[in-house]
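Okay, structure first, notes after.
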């Protein structure tokens, strides 16, 4: 919070580190979450893929943060990996509190999982993960079949992770196929300029957002301008900036 203070354009999210959760840290998070500069709770959630901490500790930390988000009615920025059922159970129990706006960020799951989140009214956050999505009913499937409502979509980089590797051979072939049915090039020179000059495979940067937006637009058969405009509107609504 102190680092963000000098910069009027920067807001913060408050969270507990679920991998090193201690009860005494909760009071500090509550204090930070109540500050005007704090616009959301999170990133927080459940990651049973890597299990950097026991699932029981993750569940305890996540439940505490969901309760705080409900109390303060501040948006909830959620991380979920291989923990869909447990996450849904926790949020279902608190559905009548009511829940604040929720985004499942950096979504990498299936359409069935996405649909259950959408049925809650949650937002879905997409990243450069799209280039390596291999699921038959994953993110590409959702976009190609127009299943994801545009008013529920947020785009993000998840920097320094999820670099949109637009030069991957398989992706290039897919994009060429998509371009044959479109009037525009999937990835613009402008977007590639940022990727080539400021990012690399080991370190993603926020400036890759243009490439991520164009990648999503290509698979969705929409213009990047429309995706950028609508997702910006969604982000402003999610964070209460409008």
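The values are calculated or read from the model by the stated rules, or taken from the named source; none is laboratory data. This one's a predicted model, so the numbers in the text were calculated from it and none came from an experiment. Virtual Cβ from ideal backbone geometry, glycine too; neighbours counted across all protein chains shown.
Table for the structure above
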quantity: Qualifying positions in region 100-116 - in contact with a strand residue (DSSP E or B) (Cβ under 7 Å, 6 or more places away or on another chain) and farther than 17 Å from residue 235 by Cβ; calculated: 114
quantity: Failed item, numbered, when residue 122 is tested on (1) buried (at least 19 other Cβ atoms within 10 Å of the Cβ); (2) within 16 Å of residue 216 (Cα to Cα); (3) touching a strand residue (DSSP E or B) at 6+ places or on another chain (Cβ under 9 Å); calculated: (2)
quantity: Flag if residue 55 is crowded, with 17+ Cβ neighbours inside 10 Å and modelled with pLDDT of 85 or more; calculated: no
quantity: Qualifying residue in region 135-155 (condition: surrounded by 14 or more Cβ atoms within 10 Å (Cβ to Cβ), more than 14 Å from residue 220 (Cα to Cα) and modelled with pLDDT under 95); calculated: no
quantity: Elements of type helices (runs of 4 or more DSSP H) in region 144-230, at least 2 residues being within 16 Å of residue 124 (Cα to Cα) and touching a residue at least 40 places away in the same chain (Cβ under 8 Å); calculated: 209-220
quantity: Selected residue (only one of 32, 81 is closer than 23 Å to residue 152 by Cα, surrounded by fewer than 19 Cβ atoms within 10 Å (Cβ to Cβ), at pLDDT 80 or above and touching a strand residue (DSSP E or B) at 6+ places or on another chain (Cβ under 7 Å)); calculated: 81
quantity: Check on residue 195, closer than 17 Å to residue 110 by Cβ and touching a helix residue (DSSP H, G or I) at 6+ places or on another chain (Cβ under 8 Å); calculated: no
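Residues checked against (1) out of contact with any helix residue (DSSP H, G or I) (no Cβ under 6 Å at 6 or more places or on another chain); (2) touching a residue at least 60 places away in the same chain (Cβ under 8 Å):
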residue	(1), (2)
39	no, yes
54	yes, no
96	yes, no
111	no, no
125	yes, no
129	yes, no
